[in-house]
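Below is one structure; the comments refer to it alone.
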Amino acid sequence: MLHDQALHQLSKDTDFVIYAPQLPKTDWKLDIPVPYPFKPGEKKITFTRFSYFDMSGDIYLLGVEQHKAHGYKTTQSITSIDLKNNTSSTRQQERTFTFDSRGEPVTWDDIEARFEPWADKEQNGGFLKWIQGDTFIEMSSVVLTREQMSEVARSMKPVEH
């Protein structure tokens, strides 16, 4: 399951430490949709998302988003529509990331994560989010259970760069 080359290269260009699952006996296929296209050495990367699929590449197992836990800023476009005058305006708003502590606590070592199930309780998984070192990590899955997601989270180790 170690996809050393791609994540190793990506970790060289981020402004935060990337963490990846280190579970034994998993044949998972890695896909890195963000940043796209990834051009090593081109620019500093402040946000990444990578996904794991089964080896056939057909079944999406889980997604992992990561960015700096402190001082991470995003820009959001806010569009206002005036139907009466048939006009619209868009403005950019910068937001500083803050950890949202909603959800059920899940703890291991010195980490307290938060788990939120999908609104449709029939589905497995949901969202598991936590801060490890100075990196915010959010994992999502509809295939893995809360317990399986927690096991993957506990296995997360820094990717060497």
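The values are calculated or read from the model by the stated rules, or taken from the named source; none is laboratory data. Please read all numbers here as calculations on a predicted model, not as lab measurements. Virtual Cβ from ideal backbone geometry, glycine too; neighbours counted across all protein chains shown. Calculation scope for accessible area: heavy atoms of the full protein, side chains included, ligands and nucleic acids excluded. Shrake-Rupley method; radii C 1.70, N 1.55, O 1.52, S 1.80 Å.
Consider region 48-57. How many of its residues are farther than 20 Å from SER155 by Cα and either open to solvent by less than 40 Å² (accessible area, probe 1.4 Å) or in contact with a Ser or Thr (Cβ under 8 Å, 6 or more places away or on another chain) (or both)? Residues that pass the stated criteria total 1. Looking only at residues in region 88-101 that are of a type outside the set (Ser, Thr, Tyr) and surrounded by 10 or more Cβ atoms within 10 Å (Cβ to Cβ), the one that is modelled with the lowest pLDDT is ARG95.
Number of residues in region 1-45 that are loosely packed, with under 15 Cβ neighbours inside 10 Å and among the β-branched types (Val, Ile, Thr): the value is 1. A Cβ distance below 9 Å, combined with a sequence gap of six or more or placement on separate chains, defines the contacts here; from region 66-85, residues that are at pLDDT 85 or above reach residues that are open to solvent by 90 Å² or more (accessible area, probe 1.4 Å) in the pairs LYS73/GLU94; LYS73/ARG95; THR79/ARG91; SER80/ARG91.
Within region 17-43, residues that are under 29 Å from SER150 (Cβ atoms) and assigned to a strand (DSSP E or B) sit with their Cβ atoms under 7 Å from residues that are open to solvent by 40 Å² or more (accessible area, probe 1.4 Å) and of a type in the set (Gly, Ala, Ser), at 6+ positions apart or across chains, in these pairs: LEU30/ALA6; ILE32/ALA6.
Has region 146-157 got at least one residue that is hydrophobic (A, V, I, L, M, F, W, C) and open to solvent by 20 Å² or more (accessible area, probe 1.4 Å)? No, the conditions are met nowhere in region 146-157. Of all residue pairs spaced 6 or more apart or on separate chains, those with beta-carbon atoms under 7 Å, a first member in region 121-140 that is at positive phi and a second member that is open to solvent by 10 Å² or more (accessible area, probe 1.4 Å) and among the acidic types (Asp, Glu) are GLY126/GLU116. Can you pull out the residues in region 90-110 that are without any contact (Cβ under 8 Å) to a residue 12 or more places away in the chain, of a type in the set (Val, Ile, Thr) and part of a strand (DSSP E or B)? Selection gives THR107 alone. Out of (1) open to solvent by less than 70 Å² (accessible area, probe 1.4 Å); (2) under 28 Å from THR14 (Cα atoms); (3) at pLDDT 90 or above, the odd one out for ASP110 is which? All conditions pass for ASP110, except number (1).
For region 67-84, name all the residues that are surrounded by fewer than 17 Cβ atoms within 10 Å (Cβ to Cβ) and in a strand (DSSP E or B). Those that are surrounded by fewer than 17 Cβ atoms within 10 Å (Cβ to Cβ) and in a strand (DSSP E or B): LYS73, THR74, THR75, GLN76, SER77, ILE78, THR79, SER80, ILE81, ASP82. The residues in region 111-127 that are part of a loop (DSSP other than H, G, I, E, B), under 17 Å from the mean Cα position of the chain (by Cα) and over 16 Å from GLU151 (Cβ atoms) can be counted, and the count is 1. In the set VAL143, VAL64, which member is open to solvent by less than 60 Å² (accessible area, probe 1.4 Å) and assigned to a strand (DSSP E or B)? After applying the criteria, what remains is VAL64.
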